[in-house]
Amino acid sequence: MILHAENGVLGYGRMLSEEHEVDPDIYNAAGQFVALKPGASFFDSVTSFEMARGGRIDTVILGAYEVDQTGSVANWSTADAKRGGIGGAMDLLSGKGDLIIVMEHSDSKGRPKLRKKCTYPLTGKGCVSYVVTDLALLRWHDGRFVLDEVAPGFTPREVVELTEMEIAVGPAVRAME
């Protein structure tokens with residue numbers, strides 16, 4: 001696996017903490033300091049987004065505010081400037097690889113983030129391959145999301161009840177380890 005960050009670094013490895021030797025010029029798109037792997041390279045943001053738009057990235061892992069039952073994703077907001085704008089996410093979604101959304105199952109007020117229809121502006125339509133939340137792993141299959149795994153201490157039924165979108169429960173749902 002070769003990690004790519006939209007800020008223009010290809011081939012980084014683990015994130016570094018304060019206890020490690022940190023180079024303040026080497027960080028990922030989230031601003032986290034990272035270690036470089038042998039052969040790592042740097043480039044401008046134009047090249048970075050050409051890699052994404054050109055289909056040269058196999059898998060994108062992205063945070064989001066919401067995912068809906070059509071596989072659409074919303075990861076930006078116009079209502080709150082602190083949440084940022086659409087940024088590079090739309091470029092990352094335009095490639096041909098898998099899109100894995102990683103987020104909490106519910107928002108801070110307990111409302112579902114897996115919705116029938118997104119309430120935030122869409123970043124991409126019908127593009128999500130997998131959703132990983134703190135409670136579940138869902139996979140897009142045959143035009144719908146299928147629940148494949150649930151977090152320890154939860155049942156598939158409880159996860160479905162905490163999810164607004166319609167999802168199918170896979171035949172061999174297992175607990176995450």
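The values are calculated or read from the model by the stated rules, or taken from the named source; none is laboratory data. In this text, all values refer to a predicted model and were calculated from it rather than measured experimentally. A quick note on method: Cβ atoms are made from the backbone with ideal geometry, for glycine too, and the neighbour counts reach across all protein chains shown. The protein model used for the area step is the full one, side chains on, heavy atoms only, and it has no ligands, DNA or RNA in it. Shrake-Rupley method; radii C 1.70, N 1.55, O 1.52, S 1.80 Å.
From the list VAL150, VAL169, pick out the single residue that is in contact with a helix residue (DSSP H, G or I) (Cβ under 8 Å, 6 or more places away or on another chain) and open to solvent by 60 Å² or more (accessible area, probe 1.4 Å). Result: VAL169 is the single residue among VAL150, VAL169 that is in contact with a helix residue (DSSP H, G or I) (Cβ under 8 Å, 6 or more places away or on another chain) and open to solvent by 60 Å² or more (accessible area, probe 1.4 Å). Within the stretch 137-147, the set of residues being in contact with a strand residue (DSSP E or B) (Cβ under 9 Å, 6 or more places away or on another chain) and either open to solvent by less than 70 Å² (accessible area, probe 1.4 Å) or of a type in the set (Gly, Ala, Ser) (or both) comprises LEU137, LEU138, ARG139, PHE145, VAL146, LEU147. Taken over the stretch 110-150, the criterion of being more than 24 Å from ALA175 (Cβ to Cβ) and outside any loop (DSSP other than H, G, I, E, B) is satisfied by ARG115, GLY124.
What tally of residues in the stretch 1-26 results from selecting those that are within 18 Å of ILE61 (Cβ to Cβ) and open to solvent by less than 70 Å² (accessible area, probe 1.4 Å)?
Going through the stretch 1-26 one residue at a time, the tally reaches 11.
Within the stretch 27-71, which residues are open to solvent by 60 Å² or more (accessible area, probe 1.4 Å), more than 27 Å from ARG139 (Cα to Cα) and not polar (S, T, N, Q)? Listed by number, the residues that qualify are TYR27, PHE33, LEU36, LYS37, PRO38, GLY39, PHE42, ASP44, VAL46, GLU50. The one condition from (1) open to solvent by less than 60 Å² (accessible area, probe 1.4 Å); (2) over 19 Å from THR59 (Cβ atoms); (3) not small (Gly, Ala, Ser) that ASP134 does not meet is (1).
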